[in-house]
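Report on one structure; see the data block that follows.
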Amino acid sequence: MNINQRIFLQFGICIIIFGLIGILINNLTINLVRTGLGFNFSWLFKPASFALAEHPLPYTSSDSYVWALFIGWLNSLKVIFSSLILATFLGTLIGFARTGKNSLLGLISAGYITIIRQTPLLLQLMFWYFVGFLGLKDNMFIQIKNIFNISNQGIEFSGLTFSSEFLALLLGLSIFTSAYIAEVIRGGILSVSRGQWEAFRSLGLSERQGLIRIVIPQALPAIIPGLTSQYLNLAKNSTLAIAVGYSDIYAINDTIINQTGRSIECFIILLVSFLILNLLITNTMEIINRLILKSRKYS
Amino acid sequence: MEPIVVAKNLTKSYTKGLRALDNVSLTVNQGKVLVVMGPSGSGKSTLIRTFNGLETFDKGELSILGIKVDSTHDERKIQKIRRRVGMVFQQFNLFPHLSILENITLAPVHVQKRRQIEAEEYGMYLLSQMGIDSHAKKYPSQLSGGEQQRVAIARALALKPKLLLFDEPTSALDPERITEVLDAMRRLAEQGMTMIVVTHEIGFAKDVSDQVLFMDSGKVIEKSPPNIFFSNARHERSRKFLNQLDKH
């Protein structure tokens, strides 16, 4: 392809992209005019007039939409960060079991990874919610001296209560993501050459010592990028909360769109919320990655 | 005196009926140097790797420093052996994220539970023996191949082993770097270290070894003193192999 053809092709691609954007903006304006709503955010400060089952901060239905959205964002953060920790813990365990010497553990974890990765997350969430929690008896399914109580209402643990919606989402997201994290961990471990294993073994180091001192430090640079993308997926997958009735930011946005018809504004809010959240995750992981690379004094 | 290594009828088969080791028997006494030669795939690496438990075997008996292991590959016995047997690899296998000195003190500190200072002192002594003490604070990637391999030898010596295993220690080196590694090995032999060396270096084998073991297809073809092996090998297969080596 000569240079003229290349310029012509790129010019053509630009025209197509701008054309498509133009059509979208045109449709949007037509619809905004037809609904007669206009584009503004002043409605955010009107009372939301819907109840929220779960609110980490005080909330009543007379509070504003913006407060309801903030509560939703907090609910999202709560489930995302607790799933992130649980998924990392589970994924690391399974990843090590998968690569370890014990063939039974290896087989079990391979089975776990296969089943979890080959079924839709939505189905798994439904399973944990309807089979896992709503399947339990009304009250006091398991109760230990009023300290620990599991029922179809959720889990109560010395004053702290976790709703069954939250728990179903937490379990579903953590288990789903842990299967992917396990594969990331396995990939990282396998990226360390066999020679390194043979070297530490022939020095009389135990498998555990070798993992901690030799394998993991070398595997981390290969693990962190994969882990970051799994964390981002987890954050985005958390919007499936709506399926089990957990009031996350997406579910609350959905309710508001139904009430007010402000879909454009709500989508912008949603977009910005997730952008902020995911940029936070990406940057934190980038900092961790840099610290690891910095501590490596070799190339 | 108990020999350092006694192997009786070691046999290791792969799934397709191929034998990596086929009835291998040998004895290595204290202070002796055994050189193992043979074409690639002859089982020589597999053989010395069974001596510190990096490879298992299916049949036969093995006794290393009086510790008997069999096909069950008892982990505790293997660990005991590994604490007294050093190994040097073709690809050096230094730990790239640890400094040269840390590479050497790792096992003394974490396996033998010696004090850090004590391990470092001995590590520096070993490095000076190898002529590379000025590199102690550097990382493996900053060293040449020959220097890395000498670090690997120092690392293997750090546990004060009774036996050293060398798996083609000079095969990954530039020709001009080979001598410095072979010289270090010669000095160890002079100090009375018991060594088993898989190598193609005829000069080293002639000068240093007490016995040459020639293997092909997992079998021991011939075991002779070096003066006989290199001038008048008993077996046709050995002579053919030596002719091939000479051409290079």
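The values are calculated or read from the model by the stated rules, or taken from the named source; none is laboratory data. Predicted, not measured: the structure shown is a model, and the values here were computed from it. Cβ: placed from backbone, ideal geometry, glycine included. Neighbour counts: every protein chain shown. Calculation scope for accessible area: heavy atoms of the full protein, side chains included, ligands and nucleic acids excluded. Shrake-Rupley method; radii C 1.70, N 1.55, O 1.52, S 1.80 Å.
Summary of values
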{"quantity": "Matching option when the condition is within 26 Å of A:Gly95 (Cβ to Cβ) and surrounded by fewer than 20 Cβ atoms within 10 Å (Cβ to Cβ), among A:Arg213, A:Arg186", "calculated": "A:Arg213"}
{"quantity": "Per-region count, the stretch A:200-214, residues in a helix (DSSP H, G or I) and either touching a residue at least 12 places away in the same chain (Cβ under 8 Å) or at the interface with chain B (Cβ under 7 Å from one of its Cβ atoms) (or both)", "calculated": "9"}
{"quantity": "Single match in A:Leu105, A:Leu90 (criterion: within 30 Å of B:Glu75 (Cα to Cα) and touching a Ser or Thr at 6+ places or on another chain (Cβ under 7 Å))", "calculated": "A:Leu90"}
{"quantity": "Filtered residues of the stretch A:154-188 (kept if in a helix (DSSP H, G or I) and of a type in the set (Gly, Ala, Ser))", "calculated": "A:Ser164, A:Ala168, A:Gly172, A:Ser174, A:Ser178, A:Ala179, A:Ala182, A:Gly187, A:Gly188"}
{"quantity": "Index of the failed condition, B:Lys160 passing every other in (1) open to solvent by 30 Å² or more (accessible area, probe 1.4 Å); (2) over 29 Å from B:Gln116 (Cβ atoms)", "calculated": "(2)"}
{"quantity": "Within the stretch B:26-51, considering residues that are of a type outside the set (Val, Ile, Thr) and over 29 Å from B:Glu75 (Cβ atoms), the one most open to solvent (accessible area, probe 1.4 Å)", "calculated": "B:Ser40"}
{"quantity": "Residue match in the stretch B:214-226 (condition: within 27 Å of B:Ala156 (Cβ to Cβ) and among the aliphatic types (A, V, I, L, M))", "calculated": "yes"}
{"quantity": "Number of the condition not met by B:Asn9 [criteria: (1) within 26 Å of A:Trp197 (Cα to Cα); (2) at pLDDT below 95; (3) in a strand (DSSP E or B)]", "calculated": "(1)"}
{"quantity": "Residue in the stretch B:23-46 that is of a type outside the set (A, V, I, L, M) and within 12 Å of chain A (Cβ to nearest Cβ) present", "calculated": "yes"}
{"quantity": "Elements of type helices (runs of 4 or more DSSP H) contained in the stretch B:12-126, each with 1 or more residues being of a type in the set (Ser, Thr, Tyr)", "calculated": "B:44-50, B:100-110"}
{"quantity": "Residues within the stretch B:101-126 that are open to solvent by 40 Å² or more (accessible area, probe 1.4 Å) and at the interface with chain A (Cβ under 9 Å from one of its Cβ atoms), tallied", "calculated": "2"}
{"quantity": "Some residue of the stretch A:254-265 being within 18 Å of the chain's Cα centre (by Cα) and open to solvent by 30 Å² or more (accessible area, probe 1.4 Å)", "calculated": "no"}
{"quantity": "Members of the stretch A:55-73 found to be in a helix (DSSP H, G or I), open to solvent by less than 40 Å² (accessible area, probe 1.4 Å) and out of contact with any strand residue (DSSP E or B) (no Cβ under 9 Å at 6 or more places or on another chain), listed by number", "calculated": "A:Ala68, A:Leu69, A:Ile71, A:Gly72"}
{"quantity": "Residue within the stretch B:175-191 that is within 14 Å of chain A (Cβ to nearest Cβ) and either more than 29 Å from A:Ile212 (Cα to Cα) or at pLDDT below 95 (or both) present", "calculated": "no"}
{"quantity": "All positions within the stretch B:75-100 that are within 7 Å of chain A (Cβ to nearest Cβ), open to solvent by 20 Å² or more (accessible area, probe 1.4 Å) and over 15 Å from the mean Cα position of the chain (by Cα)", "calculated": "B:Gln79, B:Pro96, B:His97"}
{"quantity": "Total residues in the stretch B:127-144, condition open to solvent by 10 Å² or more (accessible area, probe 1.4 Å), in a helix (DSSP H, G or I) and more than 14 Å from chain A (Cβ to nearest Cβ)", "calculated": "4"}
